[in-house]
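One structure is given below, encoded as structure tokens.
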Amino acid sequence: LVVYSGDDAHDEYLYRFVSDHPVDLENRAANRDLLDHGTLSVARLDADGMLHWLPLSAAPGFASDAERLIHARLAADRLDATPMDRPEGVAIHPTRGEVYVALTKNPTRFVTNPANPRMNNRAGHILQLRPPRGDHAADTFAWDVFVLAGNPEQDRVAYGEGASPDQWFACPDNLVFDPSGTLWIATDGMGAF
């Protein structure tokens, strides 16, 4: 079982939990404790387009794994994870398996990093993560910026092919795919625009 989650705050982190045991599709009762045992990791997204999942258990300076989990933000800091622009919504494409992460915004960003390329990021963006061969438990994924949101007349933006100038949005918040593979994006509103 793999679960992705974001810490929805400025300069916080994207996490992934991988259970120690596989999901049993034949015996639902066997799945009751899957979230009790596993590995919680934090993402480091490098400029070469590779994402590395860093187990929090490797963070130095803590007395126990329980202490690392209670202080997950501090453990992520010590592992040199990538601080993000309010990671919140996460969705997985139903057939291709890519992971999409909504980064709502961070108007207080004064230092960029490869995965958060804009200072004063008031419009947010969406990342695409690609697990190798669909293996969501792999230690390394590929990644890229899927959308740089915002008003094309005011912001440096990046939308997909065929988007017209009036088809823009800002502050992506929650994501979901429908069964046909269409990505639906809810926003935090566009009051700053």
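The values are calculated or read from the model by the stated rules, or taken from the named source; none is laboratory data. Everything numeric in this text was worked out from a predicted model, so none of it was measured. In this analysis, Cβ positions are derived from the backbone assuming ideal geometry, glycine residues included, and neighbour counts consider all displayed protein chains. Accessible surface is based on the protein model in full, side chains and every heavy atom, while ligands, DNA and RNA are left aside. Shrake-Rupley method; radii C 1.70, N 1.55, O 1.52, S 1.80 Å.
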remark   = extent check for the range 12-97: Cα max minus min per principal axis, descending, whole Å, gives 40, 36, 21
query = Binned at 10 Å from 0, what are the whole-percent values of the Cα-Cα distance distribution for the range 62-135, short to long?
reply = 18, 34, 35, 13, 0
query = For the chain, what % of the accessible area comes from carbon and sulfur atoms, probe 1.4 Å?
reply = 52 percent
message = Just want to confirm a number: the relative contact order over the range 114-193, from Cα pairs under 8 angstrom separated by 6+ residues, in percent.
response = 24 percent
task = Work out from phi, with θ = phi - 60° and the Karplus expression 6.51 cos²θ - 1.76 cosθ + 1.60, the ³J(HN,Hα) of each residue of the range 46-51, listed in order in whole Hz, and give x for Gly and Pro.
result = 9, 5, 7, x, 10, 10
key: Between the range 79-131 and the range 1-67, the alpha-carbon center distance in angstrom   = 17 Å
ask   = Net charge near residue 149, counting Lys/Arg +1 and Asp/Glu -1 over other residues with Cβ under 12 Å of its Cβ?
value = 0
request  = Give the peptides 133-144, 91-102 in descending order of average Cβ contacts within 10 Å, highest first.
outcome  = 91-102, 133-144
inquiry  = Given the C-alpha atoms of the chain, compute the convex hull and give its volume per residue in Å³.
reply    = 135 Å³
ask   = If you average 1/r over all unlike Cα pairs in the range 121-193 and invert the result, what Kirkwood radius do you get in angstrom?
value = 13.8 Å
key: 18, 111, reordered so the largest accessible area comes first (probe 1.4 Å)   = 111, 18
